[in-house]
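Colleague: Here it is, the structure in full.
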Amino acid sequence: TNRLLYAAPEIGQIRNLTREHKYGGGEGNEKNKCIVSCNDTKGIIKLKLVNGDYFQRITITVPDEYPQEPIDIQFGSSSFPYQVSTLYYNQVREIARKLSLGISAENAVRSSNPANTDAVKPTEKKCEPAPIRLTSDYIRGLKHDVNFLKQAKELEQVNSSYSKILHKYDHSTEARRRARRELKKLTRQEAEAEREREEEEWKIIERQQLKDAAGDGNQNGPKRSIRVCVEFLMAEYVFKMSKVRCPTTGEIVFPKDPELLEKYYKTNSKKRPIRASCGCWYKHEELDKFLTEPPFGAACPNSDCIGVKVFHKDWPSDVKQLEKQWAMKKAREREISEIADFLGASAFAAD
Ligand SMILES: [Zn+2]
């Protein structure tokens with residue numbers, strides 16, 4: 001059995017993504033690759049996203065009841081340090097979970113941004129499975145239509161079948177008249193039933209629209225998540241990293257060489273990239289400056305950023321505390337320069 005049958009359209013879309021200008025086809029994107037391999041019988045999609053010397057392997061397991069049931073996403077080997085990959089692993093799994101709850105792709109991606117995790121409260125209730133009742137109604141309707149057509153055809157034949165050899169109708173005038181009357185009645189009944197069915201359908205659509213307008217986005221049932229998740233990992237993670245610039249200095253944050261990046265993290269280098277609450281990557285020393293020097297509590301200066309106040313769990317978020325620290329630092333600097341003045345510049349010039 002092909003367990004990827006329901007995922008097939010999205011697998012096709014994934015294969016085509018790297019042909020799009022912004023992912024693989026455009027200038028500066030030549031090093032982006034997405035290698036896809038599928039195992040139909042196991043229901044597994046394996047991906048390798050490549051950007052220059054960086055890569056990330058991903059395994060997506062598609063359940064038989066997809067999209068009613070959520071997919072499982074696992075990260076395999078990668079040249080990104082875990083300090084980077086873990087963030088995207090958690091984020092993409094959150095997106096998949098939200099889509100399976102019926103939250104729209106746009107909201108699922110937006111609310112997975114670390115800065116927004118509290119801003120958008122998803123409705124956690126598991127939504128109703130797709131309305132199967134409608135489907136069986138539809139089939140019953142089709143059967144009914146076929147029956148109607150069969151009966152109508154039979155009656156029409158009773159009325160009109162004519163023998164060319166005998167030069168007369170096959171059925172008596174009486175029988176033909178009865179058939180015509182029957183057909184007329186049947187058509188009228190059919191038109192009536194059709195109108196009722198239409199009205200019923202409109203009521204369902206209307207109810208649906210009202211629910212949609214009420215808008216927790218949950219009513220349309222679980223959303224497909226494979227393409228959204230893969231596109232997220234391309235656009236926000238693997239394909240983006242080589243272009244990420246520090247919001248305060250405009251410098252490229254991630255070195256071209258994955259080993260150098262690994263070294264930055266191992267040695268706690270000031271150059272190691274660190275992701276702030278808004279989702280932007282800073283060089284550690286730059287985020288330190290941004291958070292510990294005035295103006296305190298400033299919004300992220302990145303023009304692509306949602307522009308919220310930047311914080312990070314490794315720094316105090318209390319503005320008062322930051323101001324105090326800053327005042328103390330300045331006071332210390334003043335003291336040192338006063339001592340320097342007192343001792344005379346020559347004493348310091350010596351070292
Ligand atoms: Zn930002």
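The values are calculated or read from the model by the stated rules, or taken from the named source; none is laboratory data. These figures come from a predicted structure and were not determined experimentally. Each accessible area value is taken on the protein alone, full model and side chains, heavy atoms only, with ligands, DNA and RNA left out. Shrake-Rupley method; radii C 1.70, N 1.55, O 1.52, S 1.80 Å.
Colleague: Springs between alpha-carbon atoms under 10 Å, Gaussian network over the chain: tell me which of Asn113, Asn147, Asn39 tops the mean-square fluctuations.
Modeller: Taking springs between Cα atoms under 10 Å, the residue moving most is Asn147.
Colleague: Here's something else I'd like to know. Percent of accessible area on the chain owned by carbon and sulfur, 1.4 Å probe?
Modeller: Carbon with sulfur: 53 percent of the solvent-accessible area.
Colleague: Probe of 1.4 angstrom, ligands and nucleic acids ignored: what's the accessible area per residue over the chain, in square angstrom?
Modeller: Accessible area per residue, the chain: 63 Å².
Colleague: Okay, next question. Kirkwood-based Rg over Rh for the range 253-351 (C-alpha set), two decimals?
Modeller: When Rh is taken as the Kirkwood radius, the ratio is 1.12.
Colleague: So which of Lys240/Lys320; Lys33/Lys256; Lys263/Lys283; Lys240/Lys270; Lys31/Lys309; Lys309/Lys330 end up more than 26 Å apart by C-alpha?
Modeller: Distance filter (> 26 Å) returns Lys240/Lys320; Lys31/Lys309.
Colleague: When each pair of different Cα atoms in the chain is counted once in the 1/r mean, what is the Kirkwood radius in angstroms, to one decimal?
Modeller: 26.3
Colleague: Can you run phi through the Karplus equation (6.51, -1.76, 1.60; θ = phi - 60°) for the range 94-99 and list ³J(HN,Hα) in whole Hz, with x for Gly and Pro?
Modeller: Along the range 94-99, the couplings run 5, 4, 4, 5, 5, 5 Hz.
Colleague: For the chain, what does the helix formula give at 222 nm: sum of -39500 (n - 2.57) over DSSP H segments with n ≥ 4, over the residue count, nearest 500 deg cm²/dmol?
Modeller: That calculation yields -15500 deg cm²/dmol at 222 nm.
Colleague: Can you list residues whose amide H is under 5 Å from Val308's amide H, if they're 5+ apart or on another chain and H is modeled 1.01 Å from N?
Modeller: Cys300
Colleague: Mind listing the long-range amide H neighbours of Tyr54? Cut-off is under 5 Å, sequence gap 5 or more, other chains count too, H placed in the peptide plane at 1.01 Å from N.
Modeller: none
Colleague: Compute a Gaussian network model of the chain, connecting alpha carbons closer than 10 Å, and tell me which residue from Glu106, Glu156, Glu27 fluctuates the most.
Modeller: Glu156
Colleague: Top mean-square fluctuation among Gln157, Gln68, Gln321, Gaussian network model of the chain, C-alpha springs under 10 Å?
Modeller: Gln157
Colleague: For Ser277, enumerate residues with amide H under 5 Å from its amide H, sequence gap 5+ or separate chain, H modeled in the peptide plane.
Modeller: Amide H to amide H, under 5 Å and 5 or more residues apart or across chains, Ser277 pairs with Phe311.
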